[in-house]
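Nothing in this text is a laboratory measurement; each read-out follows from the coordinates by a stated rule. Owing to the predicted nature of the structure, the values given are computational and were not obtained by experimental measurement. Glycine also receives a Cβ, built like all others from the backbone with ideal geometry; neighbour counts cover every protein chain displayed.
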Amino acid sequence: MPELPEVETSRRGIEPYLVGQSITQAVVRQSRLRWPVSDEIQHLRNESVLSVQRRAKYLLLELTTGWIIVHLGMSGSVRILPIGEPAQKHDHVDLEISNGKILRYTDPRRFGAWLWCDDLDNSSVLKHLGPEPLSDEFSAEYLFELSRKKRTLVKPWLMDNKVVVGVGNIYASESLFAAKIAPERAVGSLCQDEVAYLVTTIKQVLQRSIEQGGTTLKDFLQSDGKPGYFAQELHVYGRSGEACHTCGETIKSLKMGQRNTFYCPKCQR
Ligand SMILES: [Zn+2]
């Protein structure tokens, strides 16, 4: 599943090809995605692109009369290709750009979304989202305040979009390892220093991944459409039964909220 770093890398990759250009038309080959592709997108004609932004794992294309909200779902990706490039089986949407390129959306599992929005502040998909993890709003004070008197387990709590957006399974596991906090701790039991350290590690883990994505940007945009994960060193995620890089203890896994959680029983308390 594309996570926040992949979406941010996609945004940075497509932005220079879109901003200041216009979208001459959209070609929608398959409109049955997670929700149907909005009619307004299917009927787009000659609209200037003012900006390309990101909120949580949504790409936001600001046009003169509204916004296109794109979610990559489980298996979606966007690429920039020359106009006329033959479409393959899972290439569901093209935006034709005035510079002779296309933005092509590929999504084998079709859990992604292409939605039109006139008013971003009242968008039903965006308005309940918590703060961005890399923003100043996501601070030690904010998270500590929110955690008081709560019995929720810290791992699923971090993955709740109302608490903070874009911290998926991999990043929640890795951040908790870096912060030396056991995933099944109740959030109300975390002390102020632990919460502060956790906020720092979440930002570092995501930032490092975005930086690694930046180094593969060209391949990411022009490859065969399989987004994959950036080559990053994982310390616990997917390493059940292997030795901890820090202490040598065996990495364990457990199911929490139907998601596999990986941790070191010795490093994380
Ligand atoms: Zn360890």
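In this model, which of 101/127; 155/252; 89/255; 57/180; 57/266 are farther than 24 Å apart at the alpha-carbon? Cα-Cα > 24 Å for 101/127; 89/255; 57/180; 57/266; rest within. Among the trypsin sites (Lys or Arg not before Pro) in segment 93-127, those located in a DSSP loop and surrounded by at most 16 other Cβ atoms within 10 Å of their own Cβ are 109, 110, 127. Please determine, in degrees from 0 to 90 and to the nearest 10, the orientation of helix 192-215 with respect to the longest principal axis defined by the Cα atoms of the chain, where the helix direction is its Cα long axis. Tilt of helix 192-215: around 40 degrees.
Toward the positive end of the charge dipole of the chain, with +1 on the Cβ of Lys and Arg and -1 on the Cβ of Asp and Glu, the farthest Cα among 37, 64, 250 is that of 250. Relative to the current alpha-carbon distance between residue 111 and residue 247, full extension at 0.36 nm per residue lengthens the span by 45.0 nm. Here the chain is treated as a Stokes sphere of Kirkwood radius computed over C-alpha pairs; at 25 °C and 0.890 mPa s its diffusion coefficient rounds to 124 µm²/s.
Neighbour counting of Cβ atoms within 10 Å sorts the residues 237, 197, 263, fewest neighbours leading, into 197, 237, 263. For a quick check, take a GNM of the chain with Cα springs below 10 Å and name the residue from 112, 100, 73 with the largest mean-square fluctuation. Top of the fluctuation ranking is 100.
Based on C-alpha pairs under 8 angstrom that are at least 6 apart in sequence, segment 40-192 has a relative contact order of 19 percent.
Shape class for segment 1-46: oblate, because the ratio a/c of the largest to smallest gyration tensor axis (alpha-carbon atoms, square roots of eigenvalues) is 1.5 or more and b/c is at least a/b. Taking label points 7 Å from Cα along the Cα-to-Cβ direction, residue 1 and residue 240 give a separation of 1.7 nm.
A Gaussian network model of the chain, with springs between Cα atoms under 10 Å, assigns the largest mean-square fluctuation among 209, 173, 139 to 139. In the elastic network of the chain, a GNM with C-alpha springs shorter than 10 Å, the most mobile of 77, 135, 253 is 135.
With both labels modelled 7 Å from their Cα along Cα-to-Cβ, the residue 87 to residue 65 distance reads 2.2 nm. With a simple spin-label model that places each label point 7 Å from the Cα along the Cα-to-Cβ direction, the separation between residue 35 and residue 203 comes to 3.3 nm. For segment 5-29, the residues whose backbone nitrogen is under 20 Å from a point 7 Å from the Cα of residue 212, taken along Cα to Cβ, are 5-13.
Against the chain, whose longest principal axis is taken from its Cα atoms, helix 4-18 shows a tilt of about 20°. Ranked for footprinting exposure by Cβ neighbours inside 10 Å, fewest first, 6, 174, 96, 184 give 184, 96, 6, 174.
Each other residue within a Cβ distance under 11 Å of residue 134 adds +1 if Lys or Arg and -1 if Asp or Glu, for a net charge of -2.
What do you get for the angle between helix 169-178 and the principal long axis of the chain? Use alpha-carbon atoms, 0 to 90 degrees, nearest ten. Its long axis makes an angle of about 40 degrees. The distance from the alpha carbon centre of segment 18-57 to that of segment 106-144 is 18 Å, rounded to a whole number.
Would you work out which of 204, 135, 102 lies farthest towards the positive end of the dipole of the chain, given +1 charges on the beta-carbon of Lys and Arg and -1 on that of Asp and Glu, about the Cα centre? So the residue we want is 204.
Here the gap between residue 42 and residue 192, fully extended at 0.36 nm per residue and compared with their Cα-Cα distance, gives a gain of 49.0 nm. When Rg and Dmax are taken over the Cα atoms of segment 4-122, they come to 12.8, 37 Å. Once every DSSP H run of n ≥ 4 in the chain is given -39500 (n - 2.57) and the sum is divided by its residues, what mean residue ellipticity at 222 nm do you get, rounded to the nearest 500 deg cm²/dmol? When only DSSP H runs of four or more count, the value is -8000 deg cm²/dmol.
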